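A.B. asks: This is the structure I have questions about; it appears just below.
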Amino acid sequence: MTESEARRIAVIGGGVAGLATARHIVDGARAARRRVSVTVFEKNDAPGGHLRTIRDGDWQLEWGPNGFLDNEPATLRLVERLDLNGALLRSSDAARKRFLLSGGRLQELPSSPPAFIKTGLLSPLAKLRVACEFLVRKRAGLDDPNPAPEADETIYDFGVRRLGREFAEVFLDPMVKGVFGGDARELSLAAAFPRMVELERDHGGLFKALIAISKQKKKAADAGPSGTLHSFRGGMAALIDALVGSLDGDDDAEVRTSAPVTGLTRDDAGWTVTTDDASHGPFDAVVDASPAHEAAGHAPGPELRELIGGIDYSPMAVVTLGFASDDVGHDVDGFGHLIPTREGHRLLGALWTSSIFSDRAAGGHVLIRAMAGGPRDPHILDLDDDALVALAVAELTPVLDLRSMPVRSWVIRHPHAIAQYRPGHLRRLKDLDQALAAWPGLVLTGSSYRGISVNYCAKEAEIAAARILDHLASAPAAAEGGV
Ligand SMILES: Cc1cc2nc3c(=O)[nH]c(=O)nc-3n(C[C@H](O)[C@H](O)[C@H](O)COP(=O)(O)OP(=O)(O)OC[C@H]3O[C@@H](n4cnc5c(N)ncnc54)[C@H](O)[C@@H]3O)c2cc1C
């Protein structure tokens, strides 16, 4: 192969992670004056994965993510690269107000220390227990970056230990439902919220950390934009449309849809990707950006398959309901509400979508997005659409003072909604890195591994692309052959 011949890279999975990685590989290669040819293999007949926007008359709703926070420069860099800044849509100021269900009533989450002191969400004794966080000693073993499952504290246990049981049940339990569709008792704090572990490790506790950080407040304020939720005019699909458009318009990239990868092998000639109907390759390198439950099926070698297959996902049903504004008695000027397990509801919470982004509902209407399921209630997906809508309406009616049935409803089922980082997840990632050493040129990325949000996908896409380009710079080219 001559210097001018393109190195071939396969990307498995055309969600935001795979598409962004493909974009960065092509851009990075071009900047380094190297030639690449990148093929994205996407299982479905349309790319995007969970990022999909449904436009139905005047209504606009999301299949998966509602938006992303603007505190991650990698996403903003991607937006800039795709020339999408003009389409960015900032959430309303009202969306800063978030609510919790407590004793069947909505109460605003306190957003400042004085509001926390006054909140009725916690008993006086529980507030006292929170104040005692200052006195709780640092846990041993925080220096181990990859703890074994038995040494890896859950989010719930961390909350109980540092802030008390009531705090964990009232605040942490619903927050984990809102972020992960998961159970705080089953997720690793170190993998899900690594910053919390850092704060305890470096400062001895959360209050001590807050004091130290507030002394550096000026520095922190200068460090970058704060986290405000953003989407795009046209919804989150705008990001996918722009990524696909830019790759399709690039001679060095191709996005193939209806191309489910079933096998991945490597020999002296390079990597071969097998889809339903054909073998493709050889490739010099492969990025696997399909979710773990899929990647485990085609990963090369039993060790990788077992390690990847151990990462499971929560099931979730998303029920989006459109109401005439007059039929919603409660003020829905805010982000939405979460529901602690002890309230005994099947819904995990609801986003007040049309208050977050005003262009989502038909005029004179509001759009509410209820979430149900999670690891404690997987069989909710067995209910038919009418039953899911009836369940959501029945549980929301006393909370939001609903006065009639919705005028429109949409049900979306996610059998594999969000990756659940269980205790030992970081140890698993370390073992995965070691196992990957036997498979040069293979990089895993996407929300199964180091962060479940769009922001993490964007950040990891940059890292994955850099690793592929490093590999190409150091490894001999794969044998010639068509894809
Ligand atoms: C209901 C819900 C709400 C969410 N809300 C938010 C939010 O508000 N903010 C946020 O940041 N994140 C949110 N998320 C998470 C967000 O959706 C993920 O971060 C993001 O979509 C992950 O992208 P990905 O590319 O890693 O995976 P995916 O979106 O799952 O894409 C993977 C792609 O791989 C393809 N694929 C799978 N198997 C194969 C195969 N064998 N061969 C070829 N292709 C294959 C799939 O078809 C898919 O297109 C939410 C998720 C859900 C489900």
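A.B. asks: Within region 1-100, report the chymotrypsin sites (Phe, Trp or Tyr not before Pro) that DSSP leaves as loop and that have at most 11 other Cβ atoms within 10 Å. Don't skip to the answer; put the middle values down first.
C.D. replies: Numbers: sites: Phe41, Trp59, Trp63, Phe68, Phe99; in loops: Trp63.
Sparse-neighbourhood loop chymotrypsin sites (Phe, Trp or Tyr not before Pro): none present.
A.B. asks: For the chain, what's the relative contact order in percent, using C-alpha pairs closer than 8 Å and at least 6 residues apart?
C.D. replies: Details: 967 pairs, mean separation 126.2, N = 483.
In percent, rounded to a whole number, it is 26.
A.B. asks: Using helices alone, I'd like the mean residue ellipticity at 222 nm for the chain: each DSSP H run of four-plus residues gives -39500 (n - 2.57), total over residue count, nearest 500.
C.D. replies: Values: 17 runs with 166 residues, N = 483.
It lands at -10000 deg cm²/dmol.
A.B. asks: Where a ≥ b ≥ c are the square roots of the eigenvalues of the C-alpha gyration tensor, would you call region 308-347 rounded, which needs a/c under 1.5, or, failing that, prolate if a/b is larger than b/c, or oblate?
C.D. replies: Numbers: a/c = 3.07, a/b = 2.11, b/c = 1.45.
Prolate shape, in that a/c is at least 1.5 and a/b is the bigger ratio.
A.B. asks: What is region 351-406 by shape, rounded, prolate or oblate, if you read a ≥ b ≥ c off the alpha carbon gyration tensor as root eigenvalues and call it rounded for a/c under 1.5, prolate for a/b larger than b/c, and oblate otherwise?
C.D. replies: On the way: a/c = 2.19, a/b = 1.68, b/c = 1.30.
Because a/c hits 1.5 or more and a/b exceeds b/c, region 351-406 counts as prolate.
A.B. asks: Still on this structure: Please report Leu106, Leu210 as a ranked list, fewest other C-beta atoms within 10 angstrom at the top and most at the bottom.
C.D. replies: If I rank by nearby Cβ atoms, fewest first, I get Leu210, Leu106.
A.B. asks: To the nearest 10 degrees, how steeply does helix 385-400 sit against the main Cα axis of the chain, on a 0 to 90 scale?
C.D. replies: Orientation of helix 385-400: about 40 degrees from the principal axis.
A.B. asks: With point charges of +1 on the Cβ of Lys and Arg and -1 on the Cβ of Asp and Glu, referenced to the Cα centre of region 391-483, which listed residue (Leu429, His471, Gly441) lies farthest in the positive direction of the dipole?
C.D. replies: Leu429
A.B. asks: Also, quick follow-up: Tell me whether region 410-481 comes out rounded, prolate or oblate; compute the Cα gyration tensor, take square roots of the eigenvalues as a ≥ b ≥ c, and use a/c under 1.5 as the rounded threshold.
C.D. replies: Numbers: a/c = 2.33, a/b = 1.69, b/c = 1.38.
The shape class here is prolate.
A.B. asks: A further question follows. With 32 Å as the limit, write out which pairs from Lys43/Lys97; Lys215/Lys430; Lys97/Lys127; Lys43/Lys177 have Cα-Cα distances beyond it, or answer none.
C.D. replies: On the way: Lys43/Lys97 39 Å; Lys215/Lys430 35 Å; Lys97/Lys127 21 Å; Lys43/Lys177 29 Å.
Violating the 32 Å limit, Cα to Cα: Lys43/Lys97; Lys215/Lys430.
A.B. asks: Once the convex hull of the alpha carbons of region 1-126 is built, what does its volume come to per residue, in cubic angstrom?
C.D. replies: Details: hull volume 28.1 nm³, N = 126.
Normalising the Cα hull of region 1-126 by residue number yields 223 Å³.
A.B. asks: For Glu108, Glu80, which order do you get if you count the other beta carbons within 10 Å of each Cβ and list the fewest first? Don't jump to the answer; show the numbers that get you there.
C.D. replies: Numbers: Glu108 15, Glu80 11.
Arranged by neighbour count, lowest to highest, Glu108, Glu80 become Glu80, Glu108.
A.B. asks: Please compute the net charge surrounding Val389, taking Lys and Arg as +1 and Asp and Glu as -1 over other residues with Cβ under 12 Å from its Cβ. Walk me through the intermediate numbers first.
C.D. replies: Numbers: positive: Arg408; negative: Asp384, Asp385, Asp386, Glu395.
Summing Lys/Arg as +1 and Asp/Glu as -1 gives -3.
A.B. asks: Taking the mean number of other Cβ atoms within 10 Å as a proxy for protection, how do you rank 259-272, 374-387 from highest to lowest?
C.D. replies: Packing proxy ranking, top to bottom: 259-272, 374-387.
A.B. asks: How high is the FRET efficiency from Ala477 to Asp251, r the C-beta distance, R0 25 Å, rounded to 0.05? Walk me through the numbers on the way to the answer.
C.D. replies: Values: r = 19 Å, r/R0 = 0.76.
The pair Ala477/Asp251 has a calculated efficiency of 0.85.
A.B. asks: Taking the Kirkwood radius as the inverse of the mean 1/r across Cα pairs, report the Rg/Rh of region 122-221. Before the final figure, lay out the partial values.
C.D. replies: Values: Rg = 13.8 Å, Rh = 14.2 Å.
Ratio of gyration radius to Kirkwood radius for region 122-221: 0.97.
A.B. asks: Based on the Cα atoms of region 307-433, what semi-axes does the equivalent ellipsoid have, where each is the square root of 5 times one gyration tensor eigenvalue, given in whole Å with the largest first? Spell out each step's value before the answer.
C.D. replies: Working: eigenvalues 205, 47, 35 Å².
Over the Cα atoms of region 307-433, the ellipsoid semi-axes are 32, 15, 13 Å.
A.B. asks: Excluding residues fewer than 8 places away in the same chain, name every one of the aspartates and glutamates whose C-alpha is closer than 15 Å to that of Lys459.
C.D. replies: Output for Lys459: Asp70, Glu72, Glu80.
A.B. asks: Stick to the Cα atoms of the chain, pair each with every other, and give me the Kirkwood hydrodynamic radius in Å at one decimal. Can you show the working numbers first?
C.D. replies: Details: mean 1/r = 0.0418 Å⁻¹.
Evaluated on the chain, it is 23.9 Å.
Values in this text are rule-based calculations from the coordinates and carry no lab data. A quick note: this is a predicted structure, and the numbers were derived from the prediction, not measured. Note: ideal-geometry Cβ built from the backbone for every residue, glycine included; neighbour counts use all protein chains shown.
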